[in-house]
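Everything on this sheet refers to the single structure shown next.
Values in this text are rule-based calculations from the coordinates and carry no lab data. Computed from a predicted structure; not experimentally measured. Cβ sites come from the backbone with ideal geometry, for glycine too, and all protein chains shown count toward neighbours.
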Amino acid sequence: MQPTELNYQLNFNDYQEANLSIFKHIPKYQEALNLNRYYVLLFYVLGIGMLAFFVAALFQFDRLSVWLIVFGLILIGIWVIYTNRDMREFTLDYFKKNYQLEKPNFESPVRLTVYPTYVQQINEFSSVEFKWLFIQAILDEAEHIILVTHNNRVVVIPKRAFKSPADQQIALQQFAQYHADAQLAE
């Protein structure tokens with residue numbers, strides 16, 4: 001079978017979408033975001049709770065009023081944290097900062113060749129090969145096909161690199177078959 005060869009260039013939107021899909025699909029990153037949410041909630045409640053106790057001591061409120069204030073602040077804190085559950089803004093800011101460091105490597109033209117046993121990605125800075133056995137997941141996103149390795153590196157394939165939607169589907173089926181064959185051969 002002939003290898004699939006694609007030539008394309010990536011941009012910031014590709015970088016952002018690839019990273020967001022990792023945060024959406026990889027449990028390790030989901031846990032990290034959840035843990036961060038809990039820390040934010042804890043600091044929020046502790047800070048406001050200490051302020052409430054200080055104000056209560058200063059104005060000599062009774063203890064029940066203070067506990068009701070703290071309980072109300074906890075509920076507000078939970079509401080604030082869970083209305084922005086995926087911390088999208090924080091994540092996007094992080095991507096923008098990191099992209100400045102990775103921009104030259106990420107935006108250089110890419111030649112991707114997909115063989116039945118491995119994937120080869122070549123740009124002007126590097127040449128990397130990933131065996132299909134080393135691929136953890138194949139993500140079919142709206143604008144990209146993303147191959148995630150076991151060490152959470154990604155191969156980003158924009159769907160615009162294919163000639164047609166039919167070619168995209170054929171490539172996805174082919175990738176899934178190569179991945180399944182590698183898992184069986186293990």
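For segment 92-143, the direction-averaged projected area of the alpha-carbon convex hull comes to 4.9 nm². Across every direction, the projection of the convex hull enclosing the Cα atoms of segment 142-186 has a mean area of 3.5 nm².
Just to verify a number: FRET efficiency for Q120 and L42, C-beta to C-beta distance, R0 = 45 Å, to 0.05? With a Förster radius of 45 Å, E is 0.45. Here the calculated FRET efficiency for R160 and T113, from their Cβ-Cβ distance with R0 = 22 Å, stands at 0.75, rounded to the nearest 0.05.
In the structure shown, the pairs K96/K159; K96/K131; K28/K131; K96/K163 are assessed against 25 Å; a Cα-Cα span above that value is assigned to K96/K131; K96/K163.
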